[in-house]
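Report on one structure; see the data block that follows.
The values are calculated or read from the model by the stated rules, or taken from the named source; none is laboratory data. Nothing here was measured: the structure is a model prediction, and the numbers come from that model. Neighbour counts are summed over all protein chains in view; Cβ atoms, including those assigned to glycine, are modelled from backbone coordinates with ideal geometry.
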Amino acid sequence: MSNTKITAAITAVGGYVPEDKLTNFDLEKMVDTNDEWIRTRTGISERRILKGEGLATSDMVVPAVRQLCEKRGISPEEIDCLIVGTVTPDMVFPSTANIACDKLGAKNAWGFDVSAACSGFLYSLTQGAALIESGRYKKVVVCGADKMSAIVDYSDRATCIIFGDGAGAVLLEPSEDGSGIQDSILKSDGSGCQFLHMKAGGSKKPATIETVMAREHFAYQEGQAVFKFAVKGMADVSAELLERNSLTGEDIAWLVPHQANLRIIDATANRMGLPKEKVMINIQKYGNTTAGTIPLCLWEWESQLKKGDNIVLAAFGGGFTWGSTLVKWAY
Ligand code: UT7
């Protein structure tokens with residue numbers, strides 16, 4: 001038996017964004033806002049919205065995972081486990097992963113959802129990597145997916161301008177050449193709950209006529225407070241990750257930041273000493289797709305990535321949850 005350490009390599013990427021666009025100009029007709037304000041405060045021009053009766057987060061997970069399987073030339077039956085980071089599951093239970101496996105025909109997979117808001121993909125990726133590193137699993141799919149339009153109040157200008165729908169997925173497989181997930185620093189602080197949450201629909205405050213009338217089934221955010229924590233949290237944890245791995249900005253090929261606000265992204269890149277050309281940014285097209293943002297960036301930039309590239313993934317979101325992951329690109 002070889003003593004080589006198994007690492008979890010990303011060996012394929014898939015993505016899905018719905019066709020329907022919601023532009024800043026559309027929003028101007030819905031709430032008291034304007035294109036210029038949205039672009040200068042957030043960097044967003046448009047977002048995608050999943051429309052259609054009964055369509056849910058799993059309906060974005062499925063095409064993203066199918067695409068990834070096609071790219072890698074594998075059948076969904078070969079997937080051992082599917083992990084879905086999401087705060088907009090199809091249902092409270094069963095899990096979106098469970099439903100998606102059925103739709104995919106991933107008959108040999110088990111799976112589960114991870115609730116960590118905008119850090120959902122990083123939390124899930126760390127879990128998925130541990131399953132591969134254990135030696136017990138050969139093909140783990142990690143997905144970040146959110147249908148934010150299901151929980152956004154389109155009469156609240158402070159939140160409806162930010163969010164969009166989308167899903168991205170990566171395949172993790174064992175590697176013996178040291179490629180893949182190198183290190184992760186993940187953080188959590190539940191005292192941040194007050195600034196970003198959904199008031200009703202959980203066991204604390206089940207749905208009633210009153211909760212519906214009070215619009216308590218939508219995402220509630222105190223934007224400025226979240227902004228302050230996000231700027232510091234994402235930059236601090238990314239700097240810590242570089243230091244712990246004896247790296248500087250010069251060693252990093254790409255920063256893949258959660259796409260919540262262009263100003264938060266810029267602050268993180270500056271702190272890491274990275275020029276804009278090394279930062280993946282697609283917020284202008286998709287807005288904040290919560291757990292979807294990071295894998296959707298990898299999906300769009302996949303053809304530009306090279307074997308051996310050091311890539312830093314960084315996120316901050318509701319919880320608070322935040323973190324940073326170092327990846328050595330495998331192909
Ligand atoms: O991904 C999960 C984590 N979430 C985040 O990271 C989001 C972090 N927060 C943010 O990105 C920003 O706080 C927002 C984009 C949500 C808001 O930007 P801001 O620069 O923090 O604006 P603000 O809330 O401080 O509001 C500034 C002004 C206010 O008017 P007054 O009081 O100065 O007269 C708001 O009422 O802008 C007003 N405003 C708007 N004006 C036009 C708020 N929303 C809008 C709007 N259009 N959509």
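Which condition from (1) in contact with a Gly (Cβ under 9 Å, 6 or more places away or on another chain); (2) within 20 Å of residue 88 (Cα to Cα); (3) in contact (Cβ under 8 Å) with a residue 24 or more places away in the chain is the one that residue 216 breaks?
So the condition that residue 216 fails would be (3).
Going residue by residue through the range 36-49, is there one that turns out to be within 16 Å of the ligand (Cβ to nearest atom), crowded, with 16+ Cβ neighbours inside 10 Å, under 15 Å from residue 168 (Cα atoms) and among the polar types (S, T, N, Q)?
Scanning the range 36-49 turns up no residue that is within 16 Å of the ligand (Cβ to nearest atom), crowded, with 16+ Cβ neighbours inside 10 Å, under 15 Å from residue 168 (Cα atoms) and among the polar types (S, T, N, Q).
Could you say which residue among 237, 170 is in contact with a strand residue (DSSP E or B) (Cβ under 6 Å, 6 or more places away or on another chain), touching a residue at least 24 places away in the same chain (Cβ under 8 Å) and not assigned by TED's automatic domain parsing to the domain that holds residue 322? Step through it out loud before you land on a result.
Numbers: 237 fails: not assigned by TED's automatic domain parsing to the domain that holds residue 322.
Criteria check complete, one pass: 170.
I want to confirm something. Restricting to the range 249-287 and keeping residues that are under 11 Å from the mean Cα position of the chain (by Cα) and more than 15 Å from residue 40 (Cα to Cα), which single residue is nearest to the ligand (Cβ to nearest atom)?
Of everything passing the filter in the range 249-287, 258 is nearest to the ligand (Cβ to nearest atom).
Picking from 62, 84, 31, which residue would you name as being of a type outside the set (S, T, N, Q), in contact (Cβ under 8 Å) with a residue 24 or more places away in the chain and closer than 24 Å to residue 134 by Cβ?
None of the others qualify; the one that does is 84.
Can you tell me which condition residue 204 does not meet? The list is (1) assigned to a helix (DSSP H, G or I); (2) of a type outside the set (A, V, I, L, M); (3) surrounded by fewer than 18 Cβ atoms within 10 Å (Cβ to Cβ), and all the others hold.
Exception for residue 204: condition (1).
Can you tell me which residue in the range 302-322 is nearest to residue 61 (Cα to Cα), limited to those that are under 15 Å from the mean Cα position of the chain (by Cα) and away from the ligand (no atom under 13 Å from the Cβ)?
313
Do any residues in the range 182-199 that are closer than 18 Å to residue 123 by Cα have Cβ atoms under 8 Å from those of residues that are in a strand (DSSP E or B) and among the charged types (D, E, K, R), where the two are at least six apart or on different chains, and which pairs are they?
Cβ pairs passing all conditions: 182/328.
Of a type in the set (Lys, Arg), assigned by TED's automatic domain parsing to the domain that holds residue 127, in a helix (DSSP H, G or I) and within 22 Å of residue 174 (Cα to Cα), is that true of residue 71?
yes
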